[in-house]
Structure formats: C-alpha cells, structure tokens
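> A single structure is presented below for examination.
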Amino acid sequence: MTMTDFAVRMHRTGGPEVLQYEAVEPGAPAPGEARVRQHAVGVNFIDIYHRSGLYPVPLPSGLGQEAAGVVEAIGPGVSEVAVGDRVAYAGGPLGAYATARNISADRLVRLPDGISFDTAAALMLKGLTAHYLLRRTCRVEPGDAVLIHAAAGGVGLIACQWARALGATVIGTVSTPDKAALAQANGCEHALTGVAPADLAAQVRALTGGRGVRVVYDGIGRDTFMASLDCLQPMGMMVSYGNASGPVAPFEPGMLAQKGSLFLTRPTLFHYIAARADLVAAADELFARVLDGTLQINIQQRHALADCARAHEALAARRTTGSTILLPQ
Ligand SMILES: NC(=O)c1ccc[n+]([C@@H]2O[C@H](COP(=O)([O-])OP(=O)(O)OC[C@H]3O[C@@H](n4cnc5c(N)ncnc54)[C@H](OP(=O)(O)O)[C@@H]3O)[C@@H](O)[C@H]2O)c1
C-alpha cells in the first residue's frame, strides 16, 4: 500500500484561511536533492509574512522553511547525506509544511543522536538566527548590555539564554507578566513588561547607568524601531531583523549620526548560511550548546500539521511563547 503525502499549499495570499491541506506526490528526488520523511515542522513568523503577502512569493506555493526527519531517498550526485540519516534544515524553497518533500541535499544537516526531531524542528531556524545575531552580526562579549525584543518568543528565548551564557546582561521586552517570568527563567535579567515605546529608552538607560546598550536585536519592526535607536550607546549597533508589527518606515540616515554614530543592519539568516560550510559550522555550534545544556529549547505549542492555521492565528495574535511545531500524522 502506498502512503498518501500531504502538504499545506496556498493559492492566494491572505489570512490563515488561505492555508489548504492537500494530497501531493513529492516524486523522486532530482539530481542533488534528497526526499525527507518529515517528523516535525517548525512554525516561524516569516511563514506569516509569506502567507500574508508581505514577502511576495510566486503562487501557488507551499509554505514553511524548517523541519526535521529521515532521508528516505536521494537523487543522483548527493554526497552530503545518505538514506536513513536523521536530518534537519532551515531555509530553502518554501514547502516545509508537508509530510514529505524533496529538498537540495546541501541544505540538510545531520542530527546528533541527542537531538530529537521535535527539538530540531523547534531550534533550526530560530537557533541559527540566534547564532548569527549574537556570534556574527554583533559578536556579544562578556559585560555587554544587550536589548532583545520579544524576549519570550521563539528566537527570543534562545537568544536570551545564549547572550547570558556569553556573559552579557540581557534586557528584554515582553507584553505580559507570564512572558516576563518565562524570559527571566531563560537568561533575561530584566524583563521590561508592557512598556510603551516612548518610555523604553528611559527604562533601558536606568538599567545601564545611563549609558544604553551595545546592541539592540529588534524583530518587532515598525512599533519599536525608533525607540530602539534611543536605547543604544554611542557607536552601538541596531539589528533590525524582523517586522512582527509591520515594516519599518523610511527614515533619514543622518538620524544615526545624531543618535550617536550608530550602526544599523537589516540582516537575514539566509545570507549567513548560504555557504554550506557556514551552515554546518553554525549548526555544529548550535547543537553543541543544546547538548551541553547551555540552551533549553522550549516547545510551548504543538499542533497537527493539518491545523497549521490555528498555529498561525496564535503566533500573529501574540498568544505564543517559545517555539511552535507542527506534527505530520
Ligand atoms: N532576519 C532573520 O534572519 C530572522 C530569522 C528568524 C526570525 N526573524 C524575525 O524574528 C522575529 C521573531 O520571530 P519568531 O518566529 O521567533 O516569532 P516570536 O518572537 O515567537 O513571535 C513574535 C513576537 O513578537 C512580539 N510582537 C510585538 N508586536 C507584535 C505584533 N504587532 N504582532 C505580533 N507579534 C508582536 C510578540 O511578543 P510580545 O507579546 O512579548 O511583545 C510576539 O510573541 C520575527 O519578526 C521574525 O520575522 C528574523
């Protein structure tokens, strides 16, 4: 008996209702590809940008960029993985919301035995993001004060733990007391709760002896961008890496001079792991920090793959903490 495969597809952009659960036939992997039987799929805010049309994609389209599973077939010329390997990935063409899929084998990393499929699906995209933000975009050093917005979120909980382990003082923002408690249990020393953007800089300066932080990691975007700049030390770095509240409005670059010769970057993970050597090195470092206990991966929401619309609603409505995964049946 052959197994029917399913994938979440969208034929138009819009709300969660555009997500359709459809029978698909992944077919044999093409040269350079592997077919992965997926055991767990990660949900990320970028999936909402693709679904809503904020980040345009050709339609119809699959969705999702993070999953873990087992290689069940390889195409010609594949050397990175073999049939039976436990693997995971972050990035690549949309289509992770699926029971099985073909994907370029050079995007796959082998999983250590100590990392489950669920954990891998919860950490690949968010953890590799935390890695490049803290280790490459701005290399966090002991004694740094850093500000991490959405500290109880998927990227946020991993980034708080990692920044603390690197010796930083972590200041986070969250919207509720429950989120504050979770962030504090995960390395965030000061969890600023429900602070209006206009009041943020004063609170951050009060916690840093008036100096401000060396780096702000801002995945919220429109609502917090300007307030974040005001939290920085002279020559500090503004890392605007997401737009959960909407895209940042255009502004005059001279403002960066006025506010202290600030650095600004708007990075995306996919450039940092475009070279396979960078992907493998970052994943090795991430897995090592999970296996040595530095990073706890908080899977706070689990849904059936077919119920992914509910996962999207909760993430967009700020009702989630930590990581959300989808489980193919
Ligand atoms: N550039 C990259 O390489 C990269 C890679 C991965 C993720 N990202 C970005 O990082 C951010 C976090 O991603 P994630 O998947 O881990 O999501 P998440 O942080 O788990 O969820 C988003 C959080 O943002 C906060 N938020 C503030 N204003 C919001 C609004 N108007 N609508 C919705 N949420 C709002 C909420 O936390 P509070 O309720 O506590 O405020 C919410 O829980 C996203 O912007 C994502 O696009 C960027």
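> If you line up the Cα atoms of segment 25-169 on their principal axes, what length do they span on each, largest first, in Å?
Cα extents, longest axis first: 52, 37, 23 Å.
> Taking the number of other C-beta atoms within 10 Å as the exposure measure, put Met10, Met255, Met124, Met3 in order starting with the fewest.
Met3, Met255, Met10, Met124
> Where does each of Ile297, Ile103 land when they are ranked from fewest to most other beta-carbon atoms within 10 angstrom?
Listed from fewest to most nearby Cβ atoms, that is Ile297, Ile103.
> Over the Cα atoms of segment 152-281, each weighted equally, I'd like the Debye log10 I(q)/I(0) at q = 0.09, 0.16, 0.18 Å⁻¹, rounded to two decimals.
Listed by q, the Debye log ratios stand at -0.27, -0.85, -1.07.
> Looking at the chain, which Cys residues are left with no other cysteine's beta carbon under 4.7 Å from theirs?
By the Cβ distance rule, which asks for a partner under 4.7 Å, the isolated cysteines are Cys138, Cys231, Cys308.
> How do Ile325, Ile148 line up, fewest other C-beta atoms within 10 Å first?
Going from sparsest to densest Cβ surroundings: Ile325, Ile148.
> Let's see if you can work this out: charge +1 on each Lys and Arg Cβ, -1 on each Asp and Glu Cβ, no other charges. What is the dipole magnitude of segment 178-295 about its Cα centre, in debye to the nearest 20?
Approximately 220 debye in magnitude.
> Counting only helical runs of four or more DSSP H residues, what would the 222 nm mean residue ellipticity of the chain come to if each run contributes -39,500 (n - 2.57) and the total is spread over all its residues?
Helices in the chain give a 222 nm mean residue ellipticity of -8000 deg cm²/dmol.
> What is the ratio of the Cα radius of gyration of the chain to 2.2 N^0.38 Å, where N is its residue count, to two decimals? Before the final figure, lay out the partial values.
Details: Rg = 19.8 Å, N = 329, 2.2 N^0.38 = 19.9 Å.
In units of the 2.2 N^0.38 Å rule of thumb, it is 0.99.
> Please compute, over every Cα-Cα pair in segment 163-208, the percentage with a separation greater than 16 angstrom.
Of the Cα pairs, 37 percent sit more than 16 Å apart.
> Using 0.36 nm per residue of separation minus the Cα-Cα distance, give me the extension gain between Asp284 and Ala304 in nm, one decimal.
On the way: separation 20, 0.36 × 20 = 7.20 nm, distance 2.90 nm.
Fully extending the segment from Asp284 to Ala304 adds 4.3 nm.
Just so you know, all these numbers are worked out from the coordinates, no wet-lab data involved. Bear in mind that the values here come from a model prediction, so they are computed numbers and not experimental data. Neighbour counts are summed over all protein chains in view; Cβ atoms, including those assigned to glycine, are modelled from backbone coordinates with ideal geometry.
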